[in-house]
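Each remark here refers to the structure printed beneath this line.
Quick note: the coordinates plus some simple rules give every number you see, no bench work behind them. As the structure is a prediction and not an experimental result, all values here were calculated from the model. No Cβ is skipped: glycine too gets one built from the backbone with ideal geometry, and neighbour counts run over all protein chains shown.
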Amino acid sequence: MTPEMLENLALFTLRAVLSLIFLSSGWAHVRAPEQRGESIGVPATVAWGLGVVEILAGVSLLVGVFVRAGAMLVMLVMLGAIYKKIFVWKSGFFGENGGGWYYDLLYLSAAFVALATGGGDWVLV
């Protein structure tokens with residue numbers, strides 16, 4: 001395997017993992033917006049809208065269509081989550097019982113890599 005092929009495989013893997021995470025989260029928001037909204041402290045309509053955004057971002061990253069736009073959506077969602085955890089919920093980096101914002105920062109960073117690289121050569125648009 002050439003270094004270029006390995007790089008494209010790594011970027012595709014990053015996109016696919018981010019996609020699975022956000023498709024799953026988005027589906028949970030869309031399927032049960034009242035419960036998800038209550039758990040994160042937002043109205044059900046906001047939770048539903050957040051779910052739609054996460055699903056769109058996940059599809060974009062997985063399929064390789066408008067990867068930079070999908071990555072930007074993920075970054076915006078993660079910036080919102082980090083803001084809420086730090087300033088509203090006063091969670092520490094690791095938080096109590098794993099409720100910190102370290103995973104959110106990891107997702108933000110992964111989305112930034114997709115944004116900066118365009119997701120590699122294995123994209124459609």
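For region 13-36, the set of residues classified as surrounded by fewer than 20 Cβ atoms within 10 Å (Cβ to Cβ), assigned to a helix (DSSP H, G or I) and not hydroxyl-bearing (S, T, Y) consists of L14, A16, V17, L20, I21, L23, W27, A28, V30, R31, E34, Q35, listed by residue number. Entry remark, region 70-125: residues being at positive phi and in contact with a Gly (Cβ under 7 Å, 6 or more places away or on another chain) number 1 in total.
Filtering region 90-113 to residues that are touching a residue at least 40 places away in the same chain (Cβ under 8 Å) and either closer than 28 Å to V42 by Cα or polar (S, T, N, Q) (or both) leaves Y107, A110, A111, F112.
Is it fair to say V65 is in a loop (DSSP other than H, G, I, E, B) and either in contact (Cβ under 8 Å) with a residue 24 or more places away in the chain or not small (G, A, S) (or both)?
Answer is yes for this residue.
Considering V63, V53, the condition of being among the aliphatic types (A, V, I, L, M), out of contact with any helix residue (DSSP H, G or I) (no Cβ under 8 Å at 6 or more places or on another chain) and surrounded by 15 or more Cβ atoms within 10 Å (Cβ to Cβ) is satisfied by V63 alone. List pairs: first in region 47-62 and closer than 20 Å to T13 by Cβ, second charged (D, E, K, R), Cβ under 7 Å, 6+ apart or cross-chain? Filtered contacts from region 47-62: L61/R15; L62/R15.
Going by what's in this entry, would R15 be described as farther than 17 Å from V123 by Cβ and among the charged types (D, E, K, R)? So R15 does not fit the description; no.
Checked against the criterion of being within 30 Å of W122 (Cβ to Cβ) and either within 10 Å of the chain's Cα centre (by Cα) or not β-branched (V, I, T) (or both), region 40-47 has no qualifying residue.
Any residue at all in region 84-95 that is assigned to a helix (DSSP H, G or I) and under 16 Å from the mean Cα position of the chain (by Cα)? So that I can check it myself, show each step before the final result.
Of all residues in region 84-95, those assigned to a helix (DSSP H, G or I) come to 84-88.
Those left that are additionally under 16 Å from the mean Cα position of the chain (by Cα): 84-85.
Checked against the condition, which is being assigned to a helix (DSSP H, G or I) and under 16 Å from the mean Cα position of the chain (by Cα), region 84-95 yields at least one hit.
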